[in-house]
Amino acid sequence: MALQIEEVHSGYGDIEILKGVHLTGALGKVTGLIGPNGAGKSTLLKTIFGYLKPSKGKILFKDQEITNRSPREILERGISYVAQTEGLFPHMTVKENLRLGGFLIRDKKLLQDRIDWVLNLSNLKGRARQAAGSLSGGERRILEIGRGLMLDPDLVLLDEPSAALAPLLVDYVFNHIRQINDQGKTSFLIVEQNVNLILERADYVYAMQLGTVAHGGPPEDFKRDERLRKLFLGKG
Amino acid sequence: MDNAFLSSLLTALVLGIIISGIYALFAVGLSLLFGVMDIVNVAHGELFTIGAYLAFIGIVLLLLHPLLALVGVIVGSLAIGFGAYFLTIRPLHHRLGRRPKAPVYLVLTLGLSIFLQNIVLAMAGGNFKVIPSYISGTTNFLNLVFVSRYRVFIFLISMAVVMGLFLFLKYTRTGLAIRAVKENSAAAQAVGIKVDQIYLITFGLVGVLAGLSGALLTPIYRVFPTVGAILTIKAFAIIVLGGMGNLVGALIGSFVIGISESIAVMFISTDWKDLVAFAIMIVILIIRPSGIMKGE
C-alpha cells in the first residue's frame, strides 16, 4: 500500500498530538495501528483523511501528495474513512446510507451495482429499506464499513471497529473485513484499542507512543519481543 | 346544531386550514435551517417582509403580471438568502474554523433582523403598503362556507411548494445531501458532500420559502417593516410544537396552530388570537418537550 507519512505534526488548535509521525514502511492488506490512549492513533487517521490539517510534514498516497487536501479530494484519490462512533445517518434507510457512501458516483447504474454488491457482501440485502438506526450494533458497524467501500477505495481508514461491541460482534465485524479483503483490492488501516485482537487479525502492525510511531513490524514481532510486549501488551 | 353555527364553524375550519398553508410555508423553512445548521433564525421574518415588499414593488410599482412578480420574488429572495449566508454565517465559520454554538447564531440573526428591519424602514418608510388581491371572487363549499378565491389560491400554492420541497429532499441528490448534513454533518463530509455548499443551498431555499410566504400573504395583510417579526414568533411556537428541526412536525404544527386560532376566535376576541399558539406551545413543552414529531 502506497501510503507515506513524513514527519507529520498535527492536532487540535494549539494542542499538538502528532509530533513528527513517520510511516513509510510496508502496509499489509490489514494494517493495525495500536498504542495507549492519547498516543495519536485516531488523530493520525483524521489527519490522513483531511479532517485535520498538519502544521508540518507531508502525506503521500500512490506517489501523490495529499497533505491539506479536503476529505472529498482524498476520497476521490481512493481513501475512505470510517469514524469510531456515530458515523451513520440513523434516520435514513440502509440503502440511503449506501447511496450516500457512493455520493461521488454520477453514473446511476454503477451506483446501483455498487449498492447491490455491498448489500450482498454485508448480508444486509433484506434490510435495505430499514432505518440504519434500527440495526444491531454489529450490523451498524458492518454498514459503516460497507458505506466506506462504496467508491471501491484502495485504502479504508477504520477507527476502532470493535468500539462498544460485544466480543461475538467483534468477530463478526473482523470476519467481514477479512472477507472484503479476499474479494477485492481494498486494504485497511485499522486503529484498535484491543491489541490482542489486532495482533491476531492484522498482517502488519504499527505502534504509536506520545505522538510518534515507535515500532512497525509483523504481529509476530510484538509477540516475540519482550520490550514490545511490555510496552504495548503490558506483559513481561 | 343550527345551520348558522355550523356554517361559522366550517368557515373557521376552512379559513384555519388556508392560513395553516402559509404558516407551513414559512415555518418549514425555519425548521429546515434549524435542522441543518442549528440556527435559530430570528431574522426569518425579515426574509418574509422583504418578500412582501418585493411583491409590492413588482405588482404595484412596476405593474408586472402577478405571476411574473412572484417569479421576481423567488429570484430576489434566493439572492437575499445567499447574501445572508455569504455576509454573515460563512465569515463566522471561516473565522472560527468550525460552526459556533447555537447562542452565537441567535445573537447574529437578532442583529441581522434589526439591521434588515431598519434598512426596510429607511428605504420604504413606516407606512402600510397594500397590494390589491389579483384574484377576485369567492368560492362556495356546500353552500355553507364562502371563501375568497385568492385565499384558496395561496393555500394551493403554499401546499404545492411545501410538497415540492419534501419531494426534492426525498428524491434528489442535493436533497439527499441536505438530509445527510441535517443528520450528521461530520459523516456527510466523510462521504464527500461539500457541507459549505449545502449550507448555502439551504439558506437560499429558506430565503425563497420565507419570501414567497410574504409575497402571497400581502394581498390579505398590509405590509410594514416589522410585519414578519410577528410571524417569526408564531413560527417558533409552530416548530417547537412540531419538534425542532422536524419538517413533517412543522407541517403538522402549522395546521394545529392555524386551525386552533381560527376556531378559537369564534369564542374569544381576535385580540387574544395570538395567545392560542403560545398556550398550545407551553402545554406541549410541559407534556412533550421534544414536540409532536420528536425534534432535536
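Read-outs throughout are calculated quantities, based only on the coordinates presented, and are distinct from any laboratory measurement. Remember, it's a predicted structure, so these values are computed and weren't measured experimentally. Don't worry about glycine lacking a Cβ; one is built from the backbone with ideal geometry, like all the others, and counts go over all protein chains shown.
One line per residue, one yes/no per condition, for (1) assigned to a helix (DSSP H, G or I); (2) crowded, with 23+ Cβ neighbours inside 10 Å; (3) hydrophobic (A, V, I, L, M, F, W, C):
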residue: B:VAL36; (1), (2), (3): yes, yes, yes
residue: B:VAL40; (1), (2), (3): no, no, yes
residue: B:LEU64; (1), (2), (3): no, no, yes
residue: B:LEU68; (1), (2), (3): yes, no, yes
residue: B:ALA79; (1), (2), (3): yes, no, yes
residue: B:ARG90; (1), (2), (3): yes, no, no
residue: B:GLY111; (1), (2), (3): yes, no, no
Open item on the list: Given (1) of a type in the set (A, V, I, L, M, F, W, C); (2) within 13 Å of another protein chain (Cβ to nearest Cβ); (3) surrounded by 15 or more Cβ atoms within 10 Å (Cβ to Cβ), identify the lone condition not met by A:LEU104.
Closed with: (3)
- [ ] Select from the stretch B:119-135 the residues that are assigned to a helix (DSSP H, G or I) and in contact (Cβ under 8 Å) with a residue 24 or more places away in the chain and write down the one among them that is nearest to B:GLY45 (Cα to Cα).
- [x] B:VAL120
Open item on the list: Show me the helices (runs of 4 or more DSSP H) entirely contained within the stretch B:136-229 in which 1 or more residues are closer than 21 Å to B:ILE89 by Cα.
Closed with: B:173-183, B:185-190, B:195-217
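Being part of a helix (DSSP H, G or I), farther than 21 Å from A:SER10 by Cα and charged (D, E, K, R) is the filter here, so list the residues in the stretch A:47-98 that pass it.
As a first pass, look at the stretch A:47-98 and keep what is part of a helix (DSSP H, G or I): A:47-48, A:71-76, A:94-98.
When the remaining residues are screened for being farther than 21 Å from A:SER10 by Cα, the result is A:76, A:94-98.
Within the stretch A:47-98, A:GLU76, A:LYS95, A:GLU96 meet the criteria.
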Task: Hits in the stretch B:183-225 (condition: more than 25 Å from B:LEU87 (Cα to Cα), within 14 Å of chain A (Cβ to nearest Cβ) and touching a residue at least 24 places away in the same chain (Cβ under 8 Å)) - done: none
Open item on the list: Take the residues in the stretch A:90-101 that are crowded, with 24+ Cβ neighbours inside 10 Å and hydrophobic (A, V, I, L, M, F, W, C); name whichever of them is nearest to the other protein chains (Cβ to nearest Cβ).
Closed with: A:LEU100
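Would you mind finding the one in B:VAL152, B:VAL104 that is closer than 21 Å to B:MET244 by Cα, surrounded by fewer than 21 Cβ atoms within 10 Å (Cβ to Cβ), touching a residue at least 12 places away in the same chain (Cβ under 8 Å) and more than 14 Å from chain A (Cβ to nearest Cβ)?
Working: B:VAL152 fails: closer than 21 Å to B:MET244 by Cα.
Matching residue, one of B:VAL152, B:VAL104: B:VAL104.
Quick one: which helices (runs of 4 or more DSSP H) sit completely within the stretch A:137-229 and have at least 1 residues that are closer than 30 Å to A:ARG99 by Cα?
Details: elements: A:137-148, A:167-183, A:195-201, A:219-224.
The qualifying helices (runs of 4 or more DSSP H) are A:137-148, A:167-183, A:195-201.
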